[in-house]
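Notes follow once the structure below has been shown.
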Amino acid sequence: MEFDVEKFRSIYPQFTKLSDEQLTFMAENALIISGLDVDERIPADKKDNLWYMLVCHLATLSERGTAGSVASATEGSVSVSFGQMQQTGGDADWYNLTPCGSAYWQIVKKYRLGGLWFKGRKRL
């Protein structure tokens with residue numbers, strides 16, 4: 001898989017402050033996190049979109065400078081506080097910190113689920 005910085009910037013123009021090197025580094029990390037380059041469950045034509053969503057997630061977290069979600073915000077005199085991420089046994093909390101991460105998590109949900117299970121009793 002080849003990361004196209006210009007294509008990424010055309011989809012997500014809000015990341016113009018990040019250098020090409022920073023985005024490429026995040027893209028490499030996104031592949032490590034997701035395993036998209038070797039995951040055969042996900043159709044090849046969907047992988048770039050998912051990859052770019054995950055890079056968007058990492059870039060948003062990088063620019064935000066925190067790992068927590070917004071706990072409260074005030075408009076007058078601008079005050080924002082961040083809460084700690086709750087660990088509930090799944091990765092959804094981390095992905096749901098950004099819109100890109102949340103979209104990524106929802107899309108890959110059908111691919112990360114295991115096989116089908118049919119309720120019934122075990123026969124001996």
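Miscellaneous remarks
- The lone criterion from (1) of a type outside the set (D, E, K, R); (2) within 19 Å of residue 97 (Cβ to Cβ); (3) surrounded by fewer than 19 Cβ atoms within 10 Å (Cβ to Cβ) left unmet by residue 53 is number (3).
- Top-ranked residue of segment 59-69 - restricted to ones that are assigned to a helix (DSSP H, G or I) and not hydroxyl-bearing (Ser, Thr, Tyr), ranked as modelled with the lowest pLDDT: 64
- Identity of the residue in segment 15-26, more than 16 Å from the chain's Cα centre (by Cα) and either within 22 Å of residue 99 (Cβ to Cβ) or among the aliphatic types (A, V, I, L, M) (or both), that ends up most open to solvent (accessible area, probe 1.4 Å): 17
- Residue match in segment 86-96 (condition: open to solvent by 60 Å² or more (accessible area, probe 1.4 Å), modelled with pLDDT under 90, over 22 Å from residue 111 (Cα atoms) and not charged (D, E, K, R)): yes
- Pairs where the first residue, in segment 27-40, is within 16 Å of residue 62 (Cβ to Cβ) and open to solvent by less than 50 Å² (accessible area, probe 1.4 Å) and the second is of a type outside the set (Phe, Trp, Tyr) and assigned to a loop (DSSP other than H, G, I, E, B), C-beta under 8 Å, 6+ apart: 30/36
- Among the residues of segment 14-58, those that are in a helix (DSSP H, G or I) and among the β-branched types (Val, Ile, Thr) comprise 24, 32, 33, 55.
- Total residues in segment 1-11, condition assigned to a loop (DSSP other than H, G, I, E, B) and surrounded by fewer than 18 Cβ atoms within 10 Å (Cβ to Cβ): 3
The values are calculated or read from the model by the stated rules, or taken from the named source; none is laboratory data. All figures in this text were calculated on a predicted structure; none of them were measured in a lab. FYI the Cβ positions are ideal-geometry reconstructions off the backbone, even for glycines, and counts take in every protein chain you see. These area figures cover heavy atoms from the full protein model, side chains too; ligands, DNA and RNA do not enter into them. Shrake-Rupley method; radii C 1.70, N 1.55, O 1.52, S 1.80 Å.
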